[in-house]
Structures are given as C-alpha cells and as structure tokens.
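The next block holds one structure in the form of structure tokens; read it before the comments.
The values are calculated or read from the model by the stated rules, or taken from the named source; none is laboratory data. From a predicted model like this one, the values you see are computed outputs, not experimental measurements. Reconstructed Cβ throughout: ideal geometry from the backbone, glycine too, with neighbour counts over all protein chains shown.
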Amino acid sequence: MNEYEIQARKWLKETGSSLKIEFVALDYHFSNDKEKRNIFDVTLSNKKGHYRFRFGTSINNTYRKTFNGQLIHIKKKPTNYSILASLGFYYPSDFDEFIMEFGYIFDTEKEYIEVKAIHQACLDEKQALRKMYSQSELEQLAEIN
C-alpha cells in the first residue's frame, strides 16, 4: 500500500466515512472516450449523509497485456485514493468563471451543453460534500490530492 492510499484510509477513518464501490459496466465513460473503461457506482457515506456518483477508472486499470501482447479486460477496483482524489469542493458557481478557470472552449451547441452538464455535476458534488463535511475536513481531503 502506498502513501497516498494510507492517507486516504486515514481520512476516511478520521471522518467516520466509508466508500462502497460496485462494478457497473465496461463502457465509454466520458463523451470523448475512444476506449471502454471500467465504470463503478461509488457511494461515499458518513453520519451526515451520502453522495453517490459514477467513477470511470483509467484505461490502465481496465486492461492488461498478456505475454503475447493481447489485451484482456480486468475488473480492477479503484483505490480509495483514486476516488477521493477525484472529488472537489471548490468550483466556481458562475459558469463563465468555471469555463475560464478550467480552460473549457466550445465551438458547438453540443459542446456548450456538455460543459454546462459538467459544471452542474461539479456544483452538485460541491454541495453534497459541503453538507457532509466541515471546512477543515474538506481541506484535509484536498491535501490528499
């Protein structure tokens, strides 16, 4: 177990939190995915509530090469660290600030709609985490990243 995973487990323990991780499918997770990846339903819980979301693992944690070079699918569960490191609690509420901060550029209505959906998902995540954790706990979470 590496240092990052140790920190993640410590944060979960100190905040009375748990992660439930369930395999959903091998599929495309992001709109621009070229390869399928493992997708999991993740529920982060503590005594104040829970936050459920979809998590797509890296391609590296989805396939392995055999000795003859063929790719085989593996259902490798994401680590506590990889899940916690993906969470954020500071996202600009203003859409224009959001696109400037994260460098989003869109040329079509479809791209605009996708970025609006990403922004809303970020705001939902921020709201859920702020309901469940104190500012101090969220700052400790950010230090794991």
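Name the residues in segment 1-20 that are under 17 Å from Leu129 (Cα atoms), of a type in the set (D, E, K, R) and in contact (Cβ under 8 Å) with a residue 12 or more places away in the chain, would you?
Correct list: Glu14, Lys20.
Just to be sure before I move on: is Glu139 closer than 30 Å to Gly16 by Cα and in contact (Cβ under 8 Å) with a residue 60 or more places away in the chain in the structure I sent? Don't jump to the end; show me each part of the working.
On the way: closer than 30 Å to Gly16 by Cα: yes; in contact (Cβ under 8 Å) with a residue 60 or more places away in the chain: no.
So Glu139 fails the test.
State yes or no: is Glu143 at pLDDT 95 or above and loosely packed, with under 13 Cβ neighbours inside 10 Å? Spell out the reasoning first.
On the way: at pLDDT 95 or above: no; loosely packed, with under 13 Cβ neighbours inside 10 Å: yes.
Judged against the criteria, Glu143 is not a match.
Is it the case that Tyr104 is over 12 Å from the mean Cα position of the chain (by Cα), surrounded by 15 or more Cβ atoms within 10 Å (Cβ to Cβ) and hydroxyl-bearing (Ser, Thr, Tyr)?
So Tyr104 passes the test.
So, of the residues in segment 107-137 that are among the acidic types (Asp, Glu) and either outside any helix (DSSP H, G or I) or closer than 16 Å to Leu87 by Cβ (or both), which turns out to be farthest from the chain's Cα centre (by Cα)?
Filtering segment 107-137 for residues that are among the acidic types (Asp, Glu) and either outside any helix (DSSP H, G or I) or closer than 16 Å to Leu87 by Cβ (or both), the one farthest from the chain's Cα centre (by Cα) comes out as Asp107.
When segment 21-57 is examined, which residues are found to be basic (Lys, Arg) and either closer than 24 Å to Ile118 by Cβ or touching a residue at least 60 places away in the same chain (Cβ under 8 Å) (or both)?
Narrowing segment 21-57 to residues basic (Lys, Arg): 34, 36-37, 47-48, 52, 54.
Hits for segment 21-57 are Lys34, Lys36, Arg37, Lys48, Arg52, Arg54.
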